[in-house]
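Notes follow once the structure below has been shown.
The values are calculated or read from the model by the stated rules, or taken from the named source; none is laboratory data. For clarity, every value in this text was computed on a predicted model and none was experimentally measured. Neighbour counts are summed over all protein chains in view; Cβ atoms, including those assigned to glycine, are modelled from backbone coordinates with ideal geometry.
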Amino acid sequence: MPTEGNGLADEAGLFELAPAKINLALHVTGQRADGYHLLESIVTFADTGDGLSFFAAEEDGFTVSGRFAHLLPPDAAGQDGNLVLKARDLLRRMLEKRGIPTPPVAIHLEKNLPVAAGIGGGSADAAATLRGLLRFWDAGMPEPELASLALSLGTDVPMCLRSEALMAKGIGEDLTELATLPSLPLVLGNPLVGVSTPDIFRRLMRKDNPPIGALDGDWLPVLKTLRNDLEPPARSLVREIDQISNLIGAEGAMLTRMSGSGATCFGIFPSSEAAQKAAENLNGQKPDWYFQAVQTVGTGQ
Ligand code: C5P
C-alpha cells in the first residue's frame, strides 16, 4: 500500500468523491502524429467511486484503504495511487508561482474502484485531488489553466474534473456538456483482470472508424447504433469480457458494452431496482469479481 508519511493532524477532513467514469460509446476516428488516438466519446459519471479526504497536517501524507487498495503500485509514477501525489505536486507548484500558500496536507484515498479497469480510476482520483486541494487551499485557477494541468496528468483527467455528462473529442480535451442525457441505472462488471490502455490501443486494427454523428431521438436507440471501438482488441486480450457482458445481458440489461479500454462492462437497466437486483445476483454468482449497481449523473430531465 502506498504511503508517504501519515501526518493526520485533525479529524474533520474535506471530502471529494472521485466518481467512476463510463464511456457509453467510444469511437476511434483517427490518430495524431504523436501516436495519440482521436476519439469521440459519450461520457457520463456514476454516483459512486473512490473517496478522497484532505486533512490539515504538520507534513504531507498519503494513505490508502478500501477493497482495491492492495492493487495500487507503490512506486509506479503515473499510475493510480501516485497520480494523486503527482496532481498534488503539480497544483502546488502552479499555486506557489502565484504566491498562493499551500500548507501541508494529509490525503486519504479510499480505493473502491477496480484498478486499470476502463472506468477512470486513477484519472478520477487525480481530478478529485485537484478539486479537493483547490477547496482545501482556498485557491482559484483560471479554467483553461486547470484544464491543461489536468490534461498533463492524463487524457481522461479533464473529463473527470467536470464529472458531468459530456461529449469528448480530440484526445479527451475537447469537452461539451450533453444537455439531454438522462440519468441511467447501470450495472458495472469487472473480472478483476487489469488492462493496460496502451496495449489496447496498440492492438487496435482500424483507427479511422466512423464518427458518432448527430445525437437525435431517444437515447437508448441512439446508443444501440454506437460502439466502443476498443472492445474488439480488449476482448481478444481478456476472454472474461465476453463472459461478463453475457452475464450482465442475461440479467435483463437493455444494452451491454465495455467502458474505456476495459475490462469493465456496463449494462443499462430499465430501473434502479432492476439494476440493484441484477448486481446482487451477479455478485452471488461470481463473488470474486466486481459488480456494482450505479446511477449515472443526468442532465435536462
Ligand atoms: O492519457 P493516458 O495516461 O490515459 O494514456 C495512456 C496511454 O494510452 C497513452 O500513453 C497512449 O499510449 C494511449 N492513448 C492513446 N490515445 C488516447 C489516449 C491514450 O493512444 N486518446
- Item | Conditions (1) in contact with a Pro (Cβ under 7 Å, 6 or more places away or on another chain); (2) surrounded by fewer than 17 Cβ atoms within 10 Å (Cβ to Cβ): number failed by M94 | (1)
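Could you identify the single residue in S272, S261 that is crowded, with 17+ Cβ neighbours inside 10 Å, at pLDDT 95 or above and among the small types (G, A, S)?
Of the residues listed, the single one that is crowded, with 17+ Cβ neighbours inside 10 Å, at pLDDT 95 or above and among the small types (G, A, S) is S261.
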- Can you tell me which residue in region 210-225 is farthest from S41 (Cα to Cα), limited to those that are in contact with an Asp or Glu (Cβ under 9 Å, 6 or more places away or on another chain) and crowded, with 16+ Cβ neighbours inside 10 Å? V222
- Item | Scope region 200-219; condition within 16 Å of the ligand (Cβ to nearest atom) and touching a helix residue (DSSP H, G or I) at 6+ places or on another chain (Cβ under 7 Å); matching residues | I200, R203, L204
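Looking at the structure I just gave you, is S148 within 14 Å of the ligand (Cβ to nearest atom), in contact (Cβ under 8 Å) with a residue 40 or more places away in the chain and within 13 Å of L91 (Cα to Cα)? Step through it out loud before you land on a result.
Details: within 14 Å of the ligand (Cβ to nearest atom): yes; in contact (Cβ under 8 Å) with a residue 40 or more places away in the chain: no; within 13 Å of L91 (Cα to Cα): yes.
Against the criterion (within 14 Å of the ligand (Cβ to nearest atom), in contact (Cβ under 8 Å) with a residue 40 or more places away in the chain and within 13 Å of L91 (Cα to Cα)), S148 does not qualify.
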- In region 103-118, residues that are crowded, with 23+ Cβ neighbours inside 10 Å, in contact with a helix residue (DSSP H, G or I) (Cβ under 9 Å, 6 or more places away or on another chain) and part of a strand (DSSP E or B) total 3
- Which of the residues belonging to region 93-102 are touching a residue at least 12 places away in the same chain (Cβ under 8 Å) and assigned to a helix (DSSP H, G or I)? M94, L95
- Message: What's the number of the only condition in (1) surrounded by fewer than 23 Cβ atoms within 10 Å (Cβ to Cβ); (2) within 16 Å of the ligand (Cβ to nearest atom); (3) closer than 21 Å to D50 by Cα that V193 fails to meet?
- Response: (2)
